[in-house]
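Notes follow the structure.
What follows is calculated from the coordinates using simple rules that are stated; it is not laboratory data. The structure displayed is predicted, hence computed values, not measured ones. As a convention, Cβ positions derive from the backbone with ideal geometry for all residues, glycine included, and neighbour counts pool all protein chains shown.
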Amino acid sequence: MASRGGGSLGLLLWVLLLQPWRGGAQGCGQVIAKILGGKEAEEGKWPWQVSVRINEKHVCGGSLITQQWVLTAGHCILSRFRYSVKMGDRSVHREITSVVVPVRNIIIHPQLSVVGIIQKDLALLQLLYPVNFTMTIQPICIPQKTFRVEAGTTCWVTGWGRKEEYGGGLITAVLHEVDQDIIHHEKCNELIQKAMTTKRNIVLEGMLCGYKEAGKDSCQGDSGGPLVCELNATWVQVGIVSWGIGCGRKNYPGVYTEVSFYKDWVIGQLSQARSWDSAGFLPLLCLLLPLGVLVAP
């Protein structure tokens, strides 16, 4: 089973691996201004998307959830390298408009497993200093634990990862986006069991899946990036790119860490870090979303 970041953990499954701006009471999940089968994203369309980097090189995606915290996949952090986070534009390369901030602290879910089935695949990165929100740097909303997206809802995943399962570069120069329909873990497990002709439970509670059609998927280099859904002009992060069986294969959904399932852990870690500032409570703005509030179009 492999993540969609940088390395392979198995034969069949691969691991896929802001200056003060106060232009109104905006909050999280607001848009102001590589992926398989997707298209290039417009500049500023996904302002919470970040690039998690080692030595200025992209290794994973991530999402900004407050001025000083980034959410990513736990399997992206397999060493004590010096990480940094780049945000503010759609290029994977450092541009004039880019904001690059060193990572001060890393908190990996204590029960992360990358052996066999990848589980509890999430981590928090504390930035060295808070960023300021701009037109192209904004936080994404984190949903309440009881929040459940209706199956079939069309959501979006973004990243700089590989554009095809085999061949081509691992990294795409410009951020790409692709739509995915939500599948809950019970149904997703059935689909993957059938595809793999196994009775073993593969997709577990705390995971969420996305699938549209063959050739549309996240892939290596997209790990840690956000799967987001829109509700009344507010965007909510429902998943973190985690793993999949190949990329874009027919009837093989991509698997994501379900953010709402780990909401208490995320908020608890932020509280313990005692780094709350004026933007520190932004994730709470979406915590009151009721069960099933997102419905399929």
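Given bins 5 angstrom wide, list per bin the percent of all Cα-Cα distances in the range 131-265, short to long. So the P(r) values, bin by bin, are 2, 11, 19, 23, 19, 14, 8, 3, 1, 0. Taking 7 Å steps out from each Cα toward its Cβ at Ala233 and Asn105 produces label points 3.7 nm apart. Other residues within the sphere of radius under 9 Å centred on the Cβ of Ser260, judged by their own Cβ, net out at +2 (K and R +1, D and E -1). Taking 31 Å as the limit for the C-alpha separation, the pairs Lys194/Lys216; Lys120/Lys187; Lys86/Lys250 exceed it in the case of Lys86/Lys250. Stretching Asp179 away from Met135 to a fully extended chain increases their span by 13.5 nm, per 0.36 nm per residue minus the current alpha-carbon distance. Working ranking of peptides 225-234, 197-206 by packing, defined as the average number of other Cβ atoms within 10 Å per residue, highest first, is 225-234, 197-206. Sorted on the mean count of surrounding Cβ atoms within 10 Å across their residues, most packed first, peptides 254-260, 85-91 read 254-260, 85-91.
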